[in-house]
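Structure first, then comments.
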Amino acid sequence: MLSPFRSFSSLFATTLIMVLGAGLLTTYLGLSLAADGVEQLWIGGMMSAYYLGLVVGSKLGHKLIGRVGHIRTFVASAGVVTASALGHALTDDLQIWIVLRLLVGTGMMCQYMVLESWLNEQAETNQRGTVFASYMIVSYIGMVGGQTVLSFFPELGLQPLLLVGICYALCIVPIALTKRIHPAPLHPAPLKILPFWRQVPQSLTTILMAGGISGSFYGLAPAFAAGSGLSTKEIAVFMSATILAGLLAQWPMGKLSDKIPRSRLLRVNSALLGLIVLTMATLPVTGPLLIGLTFCFGILAFTLYPLATALANQHIDAEERVALSATILLTFGIGATIGPLIASGLMQLLGNSMLYGYMALACLVLFIRLQRVNYNQKMAKKMLSQQHSSDYQVASGDLVSSPLAAALDPRVDEGLVQQQMRDDISTEQIPETAVEQDSASDSDPTLSADAAAPGRDHSAVKPG
């Protein structure tokens with residue numbers, strides 16, 4: 001059997017090139033705007049537009065793939081993304097840049113849907129976990145590669161944008177030349193937002209906050225680092241260290257979540273993350289200490305989403321997981337759209353460090369919410385256990401054993417009960433010897449016992 005890397009080499013190569021270009025573009029735009037003295041609100045708005053495009057693309061991608069197939073959808077989306085990325089070099093109008101970021105987000109979500117649905121359908125059951133783990137590793141390597149490439153362009157000219165365009169153009173080649181059979185078209189997944197919010201509130205709250213934190217970091221961390229006096233090369237190291245930490249933490253955190261309750265792990269994660277970002281917001285950390293803190297930030301921040309997703313799937317039936325996935329993606333997209341807007345507004349009003357001040361506030365809200373939901377669930381379980389362990393039992397008096405008990409049961413046919421009660425009355429008037437004869441006849445297994453059992457449920461018995 002072929003290894004997952006070799007079996008899906010064309011899809012992985014496409015992912016690597018595409019994500020490299022995406023990581024390079026995101027950091028380049030943030031640094032360019034910060035170098036030009038653009039207000040933080042515009043930087044946050046552009047990142048929000050990108051994530052809003054991801055939400056739009058999640059609905060558009062299904063329709064495109066169902067209409068023209070996977071490869072045509074990918075090629076068309078890559079063309080739109082390439083043109084939109086290069087369009088930043090043609091104008092300095094920030095409103096147009098926001099529209100371009102929206103188009104990039106929409107196109108990239110369509111590309112992600114092509115790749116992930118292809119992998120999901122054609123991966124063998126015994127290899128699916130390895131395949132998607134490999135896919136995530138390739139994605140993280142691409143993100144780190146994008147930050148590393150940026151360090152070779154300290155002047156932030158047009159060369160990085162040209163390289164982004166080259167990456168988006170080249171990512172078409174491996175998937176266009178693949179020999180793999182095309183997967184079946186996608187069908188839109190239903191959304192059950194409110195039912196899932198009631199069923200898995202801890203998971204969806206965590207995913208919403210994780211979206212806000214991730215979106216704020218990717219969009220505004222380069223501007224924060226530049227405002228802290230870091231050079232372009234140092235900013236590349238800063239971003240790479242954070243993303244690399246997220247990559248390295250995935251497998252250990254997954255193993256840990258199999259041994260420790262995931263709800264407890266989420267509370268500990270959010271508390272520790274809150275302390276780290278609060279430190280970064282209030283103390284003037286620089287140099288190796290800043291790199292160490294952002295490395296710890298990456299470990300905790302980028303494991304919130306997979307932990308919450310695993311916790312949600314743990315409490316959902318298998319037939320509802322497609323709808324749950326759609327709800328999770330929408331929730332994350334909403335958080336990642338709103339988060340940069342709030343963070344950038346706080347940065348503009350209160351200073352550069354409020355990027356992490358916003359994250360500290362998000363972690364506090366998340367921790368309180370998780371604690372409250374966990375407390376309510378414990379109280380509900382305690383009340384339920386008390387009901388089950390109650391010493392009170394219904395006494396078996398005459399009422400229970402008499403036909404009147406059946407008469408009070410709404411499931412029982414009323415005519416049948418009345419007939420039975422008449423039979424009992426007539427039985428009391430029969431001589432004692434006759435009763436003995438009837439009792440003897442009741443022991444005959446050929447006779448029906450339904451009418452002679454007052455305590456049985458007669459709802460299934462039809463009158464003759």
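Here are the numbers:
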{"quantity": "In segment 126-164, the residues that are within 30 Å of the chain's Cα centre (by Cα) and of a type in the set (Gly, Ala, Ser)", "calculated": "Gly129, Ala133, Ser134, Ser139, Gly142, Gly145, Gly146"}
{"quantity": "Close pairs from segment 351-368: first in contact (Cβ under 8 Å) with a residue 60 or more places away in the chain, partner polar (S, T, N, Q) and surrounded by 20 or more Cβ atoms within 10 Å (Cβ to Cβ), Cβ under 6 Å, at least 6 apart", "calculated": "Cys363/Ser270; Leu366/Ser270; Phe367/Ser270"}
{"quantity": "Hey, Val285 within 17 Å of Pro222 (Cα to Cα), part of a helix (DSSP H, G or I) and β-branched (Val, Ile, Thr) or not", "calculated": "no"}
{"quantity": "Meets criteria (aliphatic (A, V, I, L, M), surrounded by 15 or more Cβ atoms within 10 Å (Cβ to Cβ) and at pLDDT 90 or above) for Ala123", "calculated": "no"}
{"quantity": "Meets criteria (free of Cβ contacts under 8 Å to residues at least 24 places away in the same chain and not in a helix (DSSP H, G or I)) for Ile316", "calculated": "no"}
{"quantity": "Residues located in segment 265-289, provided they are over 16 Å from Gly246 (Cα atoms) and in contact (Cβ under 8 Å) with a residue 60 or more places away in the chain", "calculated": "Arg267, Ala271, Gly274, Leu278, Met280, Ala281, Thr282"}
{"quantity": "Where Ser48 falls short, out of the listed (1) within 24 Å of the chain's Cα centre (by Cα); (2) within 23 Å of Cys171 (Cα to Cα); (3) hydroxyl-bearing (Ser, Thr, Tyr)", "calculated": "(2)"}
{"quantity": "Residue that is surrounded by the fewest Cβ atoms within 10 Å (Cβ to Cβ) [pool: residues in segment 194-251 that are among the β-branched types (Val, Ile, Thr) and farther than 29 Å from Val38 by Cα]", "calculated": "Thr205"}
{"quantity": "Any hit, segment 73-91, residues being among the hydrophobic types (A, V, I, L, M, F, W, C), at pLDDT below 90 and buried (at least 24 other Cβ atoms within 10 Å of the Cβ)", "calculated": "no"}
{"quantity": "Residue match in segment 325-337 (condition: among the aliphatic types (A, V, I, L, M) and surrounded by fewer than 17 Cβ atoms within 10 Å (Cβ to Cβ))", "calculated": "no"}
{"quantity": "Test: Tyr135 is in a helix (DSSP H, G or I), aromatic (Phe, Trp, Tyr) and touching an Asp or Glu at 6+ places or on another chain (Cβ under 8 Å)", "calculated": "yes"}
{"quantity": "One residue from Tyr305, Tyr356 being among the aromatic types (Phe, Trp, Tyr), under 18 Å from Ser203 (Cβ atoms) and crowded, with 17+ Cβ neighbours inside 10 Å", "calculated": "Tyr305"}
{"quantity": "Odd one out for Lys255, checked against (1) at pLDDT below 85; (2) over 30 Å from Glu319 (Cα atoms); (3) not small (Gly, Ala, Ser)", "calculated": "(2)"}
{"quantity": "Scope segment 1-45; condition under 25 Å from the mean Cα position of the chain (by Cα), modelled with pLDDT under 85 and surrounded by fewer than 24 Cβ atoms within 10 Å (Cβ to Cβ); matching residues", "calculated": "Pro4"}
{"quantity": "The listed residue being within 23 Å of Gly53 (Cα to Cα) and out of contact with any Cys (no Cβ under 9 Å at 6 or more places or on another chain), out of Ala380, Ala343", "calculated": "Ala343"}
{"quantity": "Close pairs from segment 135-163: first at pLDDT below 85, partner not in a helix (DSSP H, G or I), Cβ under 7 Å, at least 6 apart", "calculated": "Pro154/Ser231"}
{"quantity": "Residues located in segment 89-113, provided they are among the β-branched types (Val, Ile, Thr) and within 19 Å of Gly21 (Cα to Cα)", "calculated": "Ile98, Val99, Val104, Thr106"}
{"quantity": "Only listed residue being without any contact (Cβ under 8 Å) to a residue 40 or more places away in the chain, in contact with a Ser or Thr (Cβ under 6 Å, 6 or more places away or on another chain) and not assigned by TED's automatic domain parsing to the domain that holds Ile338, chosen from Leu52, Leu64, Leu100", "calculated": "Leu100"}
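The values are calculated or read from the model by the stated rules, or taken from the named source; none is laboratory data. On a predicted model such as this, the values are computed, not experimentally measured, just so you know. Counting neighbours? That spans all protein chains shown, and the Cβs are built from the backbone with ideal geometry, glycine included.
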